[in-house]
Amino acid sequence: MESGHRRTLLGELLHERGLTAEEFSEQANRYAYQHGIDATLSARHVHRLASGQRADGRPLGAPRPGTKRLLEEMLGVPIDRLLKPVAPARSEAQAWSAEALDLRARIRSGRAVDQETVSLLQQKLDLTRVIDRRLGASALLGELRAQISQMWSLLGNILDQQVRIALARVLVDASTLAGWQSLDQGFLRESWEHYNQARSAARVAESRALEAYACAGQAVVLLDIGEVESAVELTRYACAVAEHRAPGLLTSWLLAGHGEALAAAGDRDGSLRAFDHAEWIMPADSADAEAPYLVFDGTHLTRWRGSALARLGEPEAVDVLSSALDRLHPDFARAETALRVDLVQVLSVHGERGDASAHAERARLLAAQVGSTRQRRRLEALTG
């Protein structure tokens, strides 16, 4: 915000964070949408709230209840304090001194981050992943957002390159998990941005394999919004990026993702070739130390192939999916939900309505259990 508009605490906060009225307006409107708050905040209104007066110089009136709730929840400060006039700006020398002190403190905090700290952050994330696959994302996404924000802040203050790379790898892991959770909750734009963040973190981590991993996850968002050809191209790019650079388990997973995109595009032969290649490459031991962020094995590959066959309307999808269902570990509640929705799809196409109804009932219960908006919407589209 420009100095002429910094008359309230809100204006000072925006100035300190380097936000323009337009940028804050965009953040506020996104926050309101994600948190179910009935309010919008235009850039013009942000200018008024930050300056403490209307365009004609008259004082501001009381904000609307929705605006009050939005600002208080976003910034954690009561509205009376946010709109209260602040003291005159400090001198340039005072401001420089305060900024230098703040920067030194940030650099010291970066020095406090070592490999052990990064390992602790990874362990916390691994626990989040286990809870996510058992209970779903609804109770975890907010906490994961906070973890990601904290790690980005730390990353900017770390000078040790090896620690910086290690933390960036954890950030890729966290951002891709948040991307998947957001997609499952129906937050498509947020999911897309999390995957973009993961791709940026992968570049900091100097890892083409992790970049490919993030790209393939982002391709699922493209499939969900009907951008099938773009998903095919992005998964093809991910496979090419990972070639000769990624561990075998990740390469297998990427090929399966490409197979899924090809199935959505109606390319049966190409899809099945990709899945055959994925099966051929998959290592015997799925606990790959080079890809600890990946939970993938023969059962999940079979499930994914069955899902592709269901997209293609192939009758054999029933046997393939049923085989995967029999072998799926009970911890994977969300995966079971998706699998049963796939069975509903293919059974309905082939007129086996009794079996389809049984799977739909179980899928509906599981979707409610794990809070999966994505699978609930898929099921509603299939069953009406």
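Out of segment 105-119, which residues are within 12 Å of Asn157 (Cβ to Cβ), aliphatic (A, V, I, L, M) and in a helix (DSSP H, G or I)? So that I can check it myself, show each step before the final result.
Going through segment 105-119, the residues within 12 Å of Asn157 (Cβ to Cβ) turn out to be 105-113.
Among the residues that remain, those that are also aliphatic (A, V, I, L, M) are: 105, 107, 112-113.
If the condition is that a residue be within 12 Å of Asn157 (Cβ to Cβ), aliphatic (A, V, I, L, M) and in a helix (DSSP H, G or I), then Ala105, Ile107 are the ones that fit.
Does Arg364 count as farther than 25 Å from Leu188 by Cβ and basic (Lys, Arg)? Spell out the reasoning first.
Working: farther than 25 Å from Leu188 by Cβ: no; basic (Lys, Arg): yes.
In short, no.
With of a type in the set (A, V, I, L, M) and surrounded by fewer than 17 Cβ atoms within 10 Å (Cβ to Cβ) as the only criterion, which of Ile131, Ile148 stands out? Full working, then the answer.
On the way: Ile148 fails: surrounded by fewer than 17 Cβ atoms within 10 Å (Cβ to Cβ).
Of Ile131, Ile148, the one residue that is of a type in the set (A, V, I, L, M) and surrounded by fewer than 17 Cβ atoms within 10 Å (Cβ to Cβ) is Ile131.
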Flag if Val344 is β-branched (Val, Ile, Thr), more than 17 Å from Gln185 (Cα to Cα) and surrounded by fewer than 20 Cβ atoms within 10 Å (Cβ to Cβ): no
Which ones in segment 15-54 are in contact with a Lys or Arg (Cβ under 8 Å, 6 or more places away or on another chain) and under 30 Å from Asp102 (Cα atoms)? His15, Ala21, Arg30, Arg48, Ala50, Ser51, Gly52
Do any residues in segment 361-384 that are more than 21 Å from Arg129 (Cβ to Cβ) and in contact (Cβ under 8 Å) with a residue 40 or more places away in the chain have Cβ atoms under 9 Å from those of residues that are in a helix (DSSP H, G or I) and of a type in the set (Ser, Thr, Tyr), where the two are at least six apart or on different chains, and which pairs are they? Leu382/Ser348
Which residue is surrounded by the most Cβ atoms within 10 Å (Cβ to Cβ), if the candidates are limited to segment 218-227 and must be in a helix (DSSP H, G or I) and among the β-branched types (Val, Ile, Thr)? Val221
Can you name the number of the only condition in (1) assigned by TED's automatic domain parsing to the domain that holds Glu352; (2) modelled with pLDDT under 95 that Ala308 fails? (2)
Looking at segment 165-189, I want the residues that are of a type in the set (Asp, Glu) and have a partner that is not in a helix (DSSP H, G or I) with Cβ atoms under 7 Å, at least 6 apart or on another chain. Which pairs are those? Asp173/Tyr293; Asp184/Ala137; Asp184/Ser372
Sort out which residues of segment 186-217 are crowded, with 20+ Cβ neighbours inside 10 Å and among the hydrophobic types (A, V, I, L, M, F, W, C), and write them in order of number. Phe187, Ala198, Ala201, Ala202, Ala205, Ala209, Leu210, Ala212, Ala214, Cys215, Ala216
Where the second residue is part of a loop (DSSP other than H, G, I, E, B) and at pLDDT 90 or above and the first is under 12 Å from Arg303 (Cα atoms) and not assigned by TED's automatic domain parsing to the domain that holds Gln369 and lies in segment 326-339, which pairs have Cβ atoms under 9 Å and are six or more apart or on separate chains? none
Which members of segment 283-305 meet the condition of being more than 24 Å from Gln122 (Cα to Cα) and at pLDDT 90 or above? Gly298, Thr299, Leu301, Thr302, Arg303, Trp304, Arg305
Selection from segment 55-86 of residues more than 22 Å from Glu23 (Cβ to Cβ) and without any contact (Cβ under 8 Å) to a residue 12 or more places away in the chain yields Asp56, Gly57, Arg58, Pro59, Gly61, Ala62, Pro65, Pro78, Asp80
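Residue-by-condition table, conditions (1) surrounded by 24 or more Cβ atoms within 10 Å (Cβ to Cβ); (2) in contact with a strand residue (DSSP E or B) (Cβ under 7 Å, 6 or more places away or on another chain); (3) within 27 Å of Ala174 (Cα to Cα):
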{"residue": "Arg268", "(1), (2), (3)": "no, no, no"}
{"residue": "Ala278", "(1), (2), (3)": "no, no, yes"}
{"residue": "Asp297", "(1), (2), (3)": "no, no, yes"}
{"residue": "Ala317", "(1), (2), (3)": "yes, no, no"}
{"residue": "Ser322", "(1), (2), (3)": "no, no, no"}
{"residue": "Leu325", "(1), (2), (3)": "no, no, no"}
{"residue": "Leu328", "(1), (2), (3)": "no, no, yes"}
{"residue": "Ala335", "(1), (2), (3)": "no, no, yes"}
If we scan segment 302-319, do we find a residue that is of a type in the set (Lys, Arg), under 16 Å from Ser252 (Cβ atoms) and in a helix (DSSP H, G or I)? yes
Tally time: how many residues in segment 349-375 are in a helix (DSSP H, G or I) and surrounded by 20 or more Cβ atoms within 10 Å (Cβ to Cβ)? 9
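The values are calculated or read from the model by the stated rules, or taken from the named source; none is laboratory data. Here the structure is a predicted model, which means the values were calculated and not measured. As a convention, Cβ positions derive from the backbone with ideal geometry for all residues, glycine included, and neighbour counts pool all protein chains shown.
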